[in-house]
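Only one structure is covered here, and it is reproduced in the block below.
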Amino acid sequence: MNPLRRLAAALVLFALSLGVLAADEPAPLLKPVTPTGNTVRVRFPVDGKSNLTASQFKAQVPAGRGKGKKAEMIDVTVSLDTLPSRSYVALKKWQSWGYEVPANKVGLLPELVIAGSQLAPKASKRDVLIRIPSVSLEIIDPPGGSDTVYGSDLAVSIRELTKNNDRVMEPRYYFTPQFLELSVLGTSLRRPGTDDGTPPEPTLTKEPAGLVPVSGPTVVRGLPVFAYAAVNGISQYKTPDGRDEWVNVGVTSYSNWKGLYMTLGTARGCGVEMEDGKDLTAIGANFEAMIGKGKLKEFRLGFLTGPGLKTPKDLVLKDVPVFIDKNNSEHFVCLGPELINEYLKDAVYAFGPDGWRLHARAKAEYLQDITTRTPPKKK
């Protein structure tokens, strides 16, 4: 073989080998957030230990007794929901911390202190205590006189952590492993100075073959929901009172109901059949509910993929198990951690310039062109 051709062939093989190595290490789905002004980027672990929620973290709250004295700090577990829903504490728990119950049963916790790590800007000591001030909690009576909510001392939504200031704080929830990242004011941090180690990075699934980056845009219909979603080919339906209702799918970190949970209103609107004799009893924040089991013939979520994440595709799943809240006639579907982790690898639910999005890697075989959607029925 001509020496030049032999050299060219060797270079091609070398380039191919580099490609294989690069494929083994997929690139991060999102660039790191660079904090601006006097903000600091922090991260803390969220690890679900309760069978009632997949999303818990440890924190501290100040005791309510001892005015004029340095408040005692109490260790607590906190359930976190990525939906901007309501936040709760049980009546017995609130009183055990030494607080009075206001007439409107909305308590204001002076602060919630969370242990985490500083990501940026770089500092010599990376461990921090993140202070979230003025946490508003609905004081409720859970079923059976329990002093916990969702298996935790208190339950908070992302709204209580960011105070609806998502554009500045740019929250990111990593599903595997579980982390929450925020940009907070440097003045809200305390530095115990006990560790200068580098905080661990989220791991990436090393299954490059068949996995492609996707990004699911959302719109706000009261809560952030997927811009396109369909159940059994239906993306919009009529309510009993004649209103047009969308299939609203939101991302939650609470649910452990096998990944997909919907209200009775949506189940009826989309013709979802429930299995006879399969009802379960579930514990909500302050109620018991009857939960029916069903199966979706088809479940679709709209994503963007391809170069620059500009090509619309649908994630299409067949014969998906679903749990239905028979006590709730509203119109909502909760997309929970179990389904996300099964079909959307390395998922990150993040707020950016274009609002909330679910970023992940999905198998190409589950992605279909939007022309395969069932056309909407003529009105």
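Bear in mind these aren't lab numbers, they're just calculated from the coordinates by the rules spelled out. Note that the structure is a prediction, hence the values are computed from the model and not measured. Because the Cβ atoms are built from the backbone with ideal geometry, glycine has one as well, and the counts that use them run over all protein chains shown.
For region 39-190, the dipole from Cβ point charges (+1 on Lys and Arg, -1 on Asp and Glu) about the Cα centre works out to 560 debye, to the nearest 20. In this label model, Asn38 and Glu273 are separated by 6.3 nm, measuring between points 7 Å along each Cα→Cβ vector.
Working from Cα pairs under 8 Å separated by at least six residues, relative contact order for region 39-190 is 33 percent.
Spacing of the modelled spin labels on Ala364 and Lys318, each 7 Å from Cα toward Cβ, amounts to 2.0 nm.
As a quick test, which of the pairs Lys105/Lys326; Lys105/Lys293; Lys163/Lys293; Lys105/Lys163; Lys58/Lys363 have an alpha carbon distance above 29 angstrom in this structure? Over 29 Å apart, Cα to Cα: Lys105/Lys293; Lys163/Lys293; Lys58/Lys363. Panel order for Glu365, Glu342, by other beta carbons found within 10 Å of each beta carbon, from fewest to most: Glu365, Glu342.
Counting other C-beta atoms within 10 Å, which of Ser215, Ser188 has the fewest, and how do the rest follow?
Ordered by Cβ neighbours within 10 Å, fewest first: Ser188, Ser215.
Once the Cα-Cα distance is subtracted from the 0.36 nm per residue extended length, the Lys206 to Gln60 segment shows a gain of 48.9 nm. If you take the Cα centroid of region 156-189 and the Cα centroid of region 309-379, the two points sit 23 Å apart. With both labels modelled 7 Å from their Cα along Cα-to-Cβ, the Leu185 to Asp354 distance reads 3.2 nm.
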